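Student: Once you've had a glance at the structure underneath, I'll fire off some questions.
Since every read-out is calculated from the coordinates, none of them should be taken as a lab result. The model shown is predicted, which means the values in this text are computed figures rather than measured ones. Cβ: placed from backbone, ideal geometry, glycine included. Neighbour counts: every protein chain shown.
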Amino acid sequence: MRNTLKKLAVTTGVASAALALSATQAMAFPATTWTVSPNPASFTASSTSVVLSVNSIPMTCTTATASGVASSATGNPANIASINAAAFGNPPTAPCTSGLGPVTPVTTMPWAIWAEDYNTATGTTVGYISNIKAKLKVLTCEFTVEGSVYASYVNSTKKLKATSTKIISTQPTRQLKVTTATAPCAGLVAVGMIPTFNATYSVNGITSIIGT
């Protein structure tokens, strides 16, 4: 009887482990073939909350837009989209602001969206946005931010999230960095500082992104 129960426990444990492994693999994996629909897809995106924080100073935009072209690709990571235009704020009615005063961002394009992992359970593509470069002006302080942020796109909601926080723990470190700062920035922003970025965009023009 004891042997029978022991065998049953071992068999059950093996089956449970196999089921858990299968579920994990089904949920998220490093895909190598990325199918964008339509292909290519010209897209636009908009956000009502974009926050860049430097030296614990949040700079907030209540309106932001972006546009570009997405297309199917192969590889991991794979370059699935190019962001060809990005704008933050809409002065004078909706400027970007901070505790120090209005913020004026000017972007250098294009930026690139890369895909790394795909979650089949939620239809979510996870990757990052690279080649980011923007010059910001606050009062008489001007500084440049360059680098990458993590990103995810959910097919069901058509939401693109861009963030400085890892979406998957195994992702390589990606970050933004202050690369230039004028003299009036002294005490506020300095070269080498690591800003954080958080934004969620509603996307039009992309039906789905699927990784296999």
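Student: I need the phi-derived Karplus couplings for segment 76-91: 6.51 cos²θ - 1.76 cosθ + 1.60, θ = phi - 60°, integer Hz, Gly and Pro marked x.
Tutor: Values per residue, Gly and Pro as x: 8, x, 10, 7, 9, 7, 10, 8, 9, 8, 8, 9, 10, x, 9, x Hz.
Student: With charges set only on the Cβ (+1 for Lys and Arg, -1 for Asp and Glu), what does the dipole of the chain come to about its Cα centre, in debye to the nearest 20? Before the final figure, lay out the partial values.
Tutor: Values: 12 positive and 4 negative charges, 119 e Å.
For this selection, approximately 560 debye.
Student: Restricting to Cα pairs below 8 Å that are 6+ residues apart, what does the relative contact order work out to for the chain? Please round to a whole percent. Before the final figure, lay out the partial values.
Tutor: Details: 548 pairs, mean separation 47.2, N = 212.
About 22 percent, as a whole number.
Student: Could you check how many percent of all C-alpha pairs in the chain are farther apart than 33 Å?
Tutor: Percent of Cα pairs beyond 33 Å in the chain: 27.
Student: Let me ask something additional. Mean separation of Cα pairs under 8 Å and 6+ residues apart, divided by the residue count of segment 126-212: what relative contact order is that in percent? Show your work: numbers first, answer last.
Tutor: Working: 174 pairs, mean separation 25.2, N = 87.
29 percent.
Student: Additional query: Mind pulling the angle between the C-alpha long axis of helix 2-27 and the longest principal axis of the chain? Nearest 10 degrees, somewhere in 0 to 90.
Tutor: Approximately 30 degrees, to the nearest 10.
Student: Would you please give the FRET efficiency between Val191 and Thr32, computed as 1/(1 + (r/R0)^6) with r the Cβ-Cβ distance and R0 = 30 Å, to the nearest 0.05?
Tutor: 0.20
Student: Label-point separation (nm) for Val69 and Asn198, each offset 7 Å from Cα along Cα-to-Cβ?
Tutor: 3.5
Student: Lys166: which aspartates and glutamates have alpha carbons under 14 Å from its alpha carbon, excluding same-chain residues fewer than 8 sequence positions away?
Tutor: Glu116, Asp117
Student: Given a Förster radius of 25 Å and the C-beta distance between Gln175 and Thr140 as r, what FRET efficiency does 1/(1 + (r/R0)^6) yield to the nearest 0.05? Before the final figure, lay out each step's value.
Tutor: Numbers: r = 27 Å, r/R0 = 1.06.
Efficiency, from the Cβ-Cβ distance: 0.40.
Student: Next up: Could you compute the FRET efficiency for Ser208 and Val106, with r as their C-beta to C-beta distance and R0 at 30 Å, rounded to 0.05?
Tutor: 0.35
Student: Between Thr120 and Thr60, 0.36 nm times their residue separation minus their Cα-Cα distance comes to what?
Tutor: 18.3 nm is the gain from fully extending Thr120 to Thr60.
Student: Now for a separate question. Given the DSSP H assignment, sum -39500 (n - 2.57) over each helix run of at least 4 residues in the chain and divide by its residue total; what's the result at 222 nm in deg cm²/dmol, nearest 500?
Tutor: For the chain, the value works out to -4500 deg cm²/dmol.
Student: Checking the a/c ratio against 1.5 first, then a/b against b/c, what shape does the Cα gyration tensor give for segment 44-87? Present the calculation step by step, with values, prior to reporting the outcome.
Tutor: On the way: a/c = 3.91, a/b = 1.84, b/c = 2.12.
Note, shape of segment 44-87 comes out oblate.
Student: Something else about it: Could you give the distance between the Cα centres of segment 37-108 and segment 127-188, to the whole Å?
Tutor: Cα centroid of segment 37-108 versus Cα centroid of segment 127-188: 10 Å apart.
Student: Still on this structure, please answer the following. Highest mean first, what order results for 141-149, 41-49 on Cβ atoms within 10 Å?
Tutor: Highest to lowest by the protection proxy: 141-149, 41-49.
Student: On to the next question. No other cysteine beta carbon under 4.7 Å away is the test; run it over the chain and list who passes.
Tutor: none
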